[in-house]
Amino acid sequence: MMFLRHRVTLGYRNHKNIVMRISSNVSEEDEPSLLVNGHFDSPLGSPGAADCGSCVASMLELSRLMLESGWIPPRPVIFLFNGAEELFLLGSHGFMKTHKWSSTVGAFINIEASGSGGADLVCQSGPGSWPSRIYAQTAKYPMANSVAQDMFGIIPGDTDYRIFAEDVAKIPGLDIIFVLGGYFYHTSYDTLENLLPGSIQARGENLFNLVKAFTNSPMLLKESERSNKAVNEGIDDLRAIFFDYLTWFMIFYPRDVSLIIHSLPVAIFLLTPLFLSFPNITMISLFRTVLDLARGMLLHAFGVILAIVVPAMTAGLRLLFTKNAMNWFAHPCLAFFMFVPASLVGLLLPRIIWGLSEQSHFWGAFGLYSLVTLAYMLAGLSGGFLTFFISMSLLLGRFISSISRKQLGQQSPKSLFGYVIPMIPCLLYCLYYGGFLIQFLIEKMGMMGSLPKPYGHFVPDIIVGAMVGLVVGWCFGPLAPIVSCWLAKASILHGFLQITVVAMAVSSQVFPYSTGAPKRVVLQHTFVTEMLVTLWSQTMVSLWLMLIRWSLFSTTHLRQQNG
């Protein structure tokens, strides 16, 4: 297998899986079935309550509920209690390669944990789009994001999903993971007391609905049936676009639909010069309008870049005067306190330098988000829904604010409300998604720890600062074209800088670890066996013999030269 771009060869024996199959009395042995997988092994020294005792508990309770509720699954349900996931996914590989039921699996649900709870996140879905569609239709507490599967190949992690859906077979399925509460992940603190309350209950209710929906789906087919159906009906293998809105409900649309709607903002932006120049449309007016829009796009892009660069520089500058790196690990609020004001300075600074009109700035920002959406779509990625959501919210806010300005005046604060209020759903989602991403990154960067000095000492803080800046860029960026005329002032920027300096001074006195966020220390001990001592002795003797021979040869050669 390939892991983090390295080739790894593995062998396994004496690993134990526990497999259970629940079906009706008339079910046949080779009937298409649903696989529910979770592993019961854990790293050395970890009790494994979350990773992945919580998975085993959910599967046991799910199987008990299926039997005692009287519900008979239309298709068999196989529970794979996986005994070797932490050892490079050997348990799932062994099941797929050696067990007779593996050929009947028509879909799977893999449950995992990289933290101690929170809402389950669907990180991967496929092949095909129907597993994510079923999740969107049936999950009681949905939390899913198709952009996660774009990033999964980048982050240093892996799950049994790869064995089922990619390496050994092409089985459609879902990868559902606890992603928050990573402070105790793979440590001796991964105990029942540190599980986030309510997490397993919410997971169980989702799973029961998913099992019912999967076993009733006509898409649940064996491998041979899947191949024939795909050939005969031309079923595509493209992943859909999906995301949850504040865990309230799911938004789902297929990839072919996204090709149409994600192209819409670009089409509107290309027609904007004609709209702004109407009715006096000339080549000169069109050229000037296009030039103004290009300047507005550059201004907004430069502002977003500075929103990322300024907090990253702030993080590096702080570490020149203090030894306490990663103080945000135990106190995530410090990351917002330090980096959000600095990011706002970077976002607003270009508006002070470049005196463009509000109209040019707005349409330039709209064009930037539209082009990013187009780039995501052309790259075949699934994350373009965020910039699409932003760009369409910008249009709605512009339309309503233009109506209110005709009635209330150009600079009335009420006209500002007319722009902001229609964008509230988009801004709420940006805050929800951005806050979740920052918390996840803080936990994972703290788990990794700082790299060796002198330069590695700066890496985690700079990455967290840049990520906070990116989130500020997409959360506050849509408001910048309108509100920057009030906020892009030297006095306000000085105030943000003063808050940043105070935050840096306060955070420098805070220790980066606590009982709730412990430091990870790896203790290793080397055992020197008799075989190693023997090999070492033999090697040293061989080296000494070579040196003696070389010395004798050199002495003889010199004597011959000297006669």
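Figure legend. Inter-residue proximity from the range 12-34: first residues over 18 Å from residue 85 (Cα atoms), second residues open to solvent by 80 Å² or more (accessible area, probe 1.4 Å) and at pLDDT 90 or above, beta-carbon distance below 6 Å, spacing 6+ or different chains. Indicated pairs: 24/72. At pLDDT below 90 and within 33 Å of the chain's Cα centre (by Cα), is that true of residue 244? Considered against the rule, which asks whether it is at pLDDT below 90 and within 33 Å of the chain's Cα centre (by Cα), residue 244 comes out as no.
Would you pick out the residues in the range 1-39 that are among the hydrophobic types (A, V, I, L, M, F, W, C) and at pLDDT 95 or above? If the condition is that a residue be among the hydrophobic types (A, V, I, L, M, F, W, C) and at pLDDT 95 or above, then 18, 19, 20, 22, 34, 35, 36 are the ones that fit. Among the residues of the range 36-73, those identified as over 13 Å from residue 208 (Cα atoms), among the hydrophobic types (A, V, I, L, M, F, W, C) and crowded, with 16+ Cβ neighbours inside 10 Å are 40, 49, 50, 52, 55, 56, 57. Being assigned by the TED database to the domain that holds residue 388, in a helix (DSSP H, G or I) and buried (at least 17 other Cβ atoms within 10 Å of the Cβ) holds for only one residue in 435, 495, 469, and it is 469.
Can you tell me which residue among 149, 137 is assigned to a helix (DSSP H, G or I), assigned by the TED database to the domain that holds residue 93 and either open to solvent by less than 20 Å² (accessible area, probe 1.4 Å) or not polar (S, T, N, Q) (or both)? Result of the check over 149, 137: 149. Of the residues that sit in the range 213-241 and are open to solvent by less than 30 Å² (accessible area, probe 1.4 Å) and among the small types (Gly, Ala, Ser), which one is modelled with the highest pLDDT? Within the range 213-241, the match that is modelled with the highest pLDDT is 213.
Among the residues of the range 309-325, those that are aliphatic (A, V, I, L, M) and over 21 Å from the mean Cα position of the chain (by Cα) comprise 309, 310, 313, 315, 317, 319, 320, 325. With the requirement that a residue be in contact with a strand residue (DSSP E or B) (Cβ under 8 Å, 6 or more places away or on another chain) and hydroxyl-bearing (Ser, Thr, Tyr), what does the range 175-206 give you? Scanning the range 175-206 gives 185, 199.
Consider residue 95 carefully, then state whether it is assigned by the TED database to the domain that holds residue 189 and closer than 22 Å to residue 225 by Cα. It is true that residue 95 is assigned by the TED database to the domain that holds residue 189 and closer than 22 Å to residue 225 by Cα. Within the range 228-249, residues that are assigned by the TED database to the domain that holds residue 389 have Cβ atoms under 6 Å from residues that are modelled with pLDDT under 90 and open to solvent by less than 30 Å² (accessible area, probe 1.4 Å) in no pair, counting only partners at least 6 apart in sequence or on another chain.
The values are calculated or read from the model by the stated rules, or taken from the named source; none is laboratory data. Quick caveat: nothing in here was measured; it's all calculated off a predicted structure. Note: ideal-geometry Cβ built from the backbone for every residue, glycine included; neighbour counts use all protein chains shown. Each accessible area value is taken on the protein alone, full model and side chains, heavy atoms only, with ligands, DNA and RNA left out. Shrake-Rupley method; radii C 1.70, N 1.55, O 1.52, S 1.80 Å.
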